[in-house]
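The values are calculated or read from the model by the stated rules, or taken from the named source; none is laboratory data. Predicted, not measured: the structure shown is a model, and the values here were computed from it. Neighbour counts run over all protein chains shown; Cβ positions are idealised from the backbone, glycine included. Surface accessibility is based on the protein's heavy atoms, side chains included, excluding ligands, DNA and RNA. Shrake-Rupley method; radii C 1.70, N 1.55, O 1.52, S 1.80 Å.
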Amino acid sequence: MNKEIYILGVGHNTSVYIDLAEACGYEIKGLYHYNGDRTGDIEHGYRVLGSFDDLFSLPSLVGMNLALSQGDNAIRSQLFDKILQKGGRVPSLIHPTAQVSRFAQLGNGVVIHINTVVHPDVIIGDNSVLSYNVSISHSTTIGNHCYIAFGAMIGAYVTIADFAFIGIGANIISGKVDTIGYNAYVGAGALVTHSVEKNTVVAGAPARIIRVKS
Ligand SMILES: CC(C)(COP(=O)(O)OP(=O)(O)OC[C@H]1O[C@@H](n2cnc3c(N)ncnc32)[C@H](O)[C@@H]1OP(=O)(O)O)[C@@H](O)C(=O)NCCC(=O)NCCS
C-alpha cells in the first residue's frame, strides 16, 4: 500500500496534520498552499511544493494520497471533489489512540484525531473530521463534509446532516435531539436539547438560535 502523502493547507492546522499523518505511518512528501506565496518554504520540516493551482495543473493525481487540513467544510469539500475528479485519493487518517468500534462505518477521507471515541453502529460520511477528545455515542450518523471540534460529545441516535459544524465542547443530548440540520452550526460549549434546523447557528446552554445563515 502506498504510504506517501501530501498535505494541503499551510497554516495553523498544518502541524496537526503532520503529526497525524506521521502517527498513521505516512511519509509526508510535501505541502501545498492555497496560493504561491509560500512555495519553497520549509514548514515544520516539510517543503511547500507549490499552490493548489500547481497541484491541480498536474496531468493526473492518480497514485497520490492527499490530506486536507482545512477546518472550513465548504473549502474542504471543494478540494475533496477536485482531488477525486483528478484520480487522487484522500485516505482516512485515524490516530492510533482513537477508539473506533469495529461496528462503525466510515466513508472515504474520514479524519479522526487523538483520543476520540466512536461507538458501535456509528456511520460517518466522506471527508468528515472528528477532532481530538470527541465522543460519538452509538447509532449516531454523521453526514459528509462535517466538522466536529475537540471535546464535543454527541449522544446516541442523532443524525448530523452534511456540512454541519459542531463547536468545541458542545454536548448534543441523546433522546432530545434527532437531527442537526444541513450546514447547521453549533457554537462552542453549547448544550443542545432540541433538533437544529438547516443553516441555523445555535449557541448557549441550553442552546438557542443566534442567527440563520443566508
Ligand atoms: C456561536 C458562534 C458561531 C457565534 O459567532 P458569531 O456569529 O460571530 O456571534 P458573536 O460572537 O457576534 O456573538 C453573538 C452573541 O452570541 C454570544 N455567543 C457567541 N458564541 C457563543 C457561545 N459559543 N456560547 C454562548 N454564547 C455565545 C455572544 O456573547 C453574543 O452575545 P451578546 O450579543 O449578548 O453579546 C461562535 O462564537 C462559536 O461558538 N464558534 C465555535 C468556534 C469553535 O468551536 N471552533 C472550533 C475550532 S477547532
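Remarks
- Relative counts (whole %) of C-alpha pair distances in the chain, using bins that are 10 Å wide: 9, 35, 33, 19, 5, 0
- Residues whose placed amide H lies under 5 Å from that of residue 98, excluding near-sequence neighbours: 115, 116
- Sites listed here are trypsin sites (Lys or Arg not before Pro) in the stretch 163-214 whose DSSP assignment is loop and whose Cβ has at most 15 other Cβ atoms within 10 Å: 176, 213.
- Global geometry of the stretch 61-127, whether rounded, prolate or oblate, following the gyration tensor of its Cα atoms and the 1.5 cut on a/c: prolate
- Atom-type composition of the exposed protein surface of the chain places 52 percent of the accessible area on carbon and sulfur (1.4 angstrom probe).
- Residue ranking by accessible heavy-atom surface, 1.4 Å probe, largest first, among 64, 153 comes out as 153, 64.
- Residues considered: 177, 134, 62. Largest GNM mean-square fluctuation over the chain, using C-alpha springs under 10 Å, is found at 62.
- Contour minus Cα-Cα distance for residue 4 and residue 78 (0.36 nm per residue): 24.4 nm
- Inter-probe distance in nm under a simple model that places probes 7 Å from Cα toward Cβ, at residue 57 and residue 138: 5.4
- Backbone HN-Hα couplings from phi across the stretch 102-110 [Karplus 6.51/-1.76/1.60, Hz, Gly and Pro as x]: 5, 9, 7, 10, 10, x, 8, x, 7
- Using the empirical formula 2.2 N^0.38 Å as the baseline, the Cα radius of gyration of the stretch 93-203 reaches a ratio of 0.91.
- The residues of the chain present an accessible area of 46 Å² per residue when probed at 1.4 Å with all protein chains retained.
- Surface accessible to a 1.4 Å probe, residue 44 within the full protein complex, Å²: 120
- Each Cα pair under 8 Å and six or more residues apart adds its sequence gap; the mean of these over the residue count of the chain is a relative contact order of 10 percent.
- Shown in residue order for the stretch 74-84 are the 3J(HN,Hα) couplings computed by the Karplus curve 6.51 cos²θ - 1.76 cosθ + 1.60 at θ = phi - 60°: 5, 5, 4, 5, 4, 5, 4, 5, 5, 4, 5 Hz (x for Gly and Pro).
- From phi via Karplus (6.51, -1.76, 1.60), per-residue ³J(HN,Hα) for the stretch 164-177 in Hz, x at Gly/Pro: 6, 10, 10, x, 3, x, 5, 10, 10, 8, 4, x, 9, 10
- For trypsin sites (Lys or Arg not before Pro), the sites in the stretch 79-122 that DSSP calls loop and that have at most 10 other Cβ atoms within 10 Å are 102.
- Hydrodynamic analysis of the stretch 23-96 uses the Kirkwood radius over alpha carbon pairs. Inserted into Stokes-Einstein at 4 °C and 1.567 mPa s, it gives a translational diffusion coefficient of 99 µm²/s.
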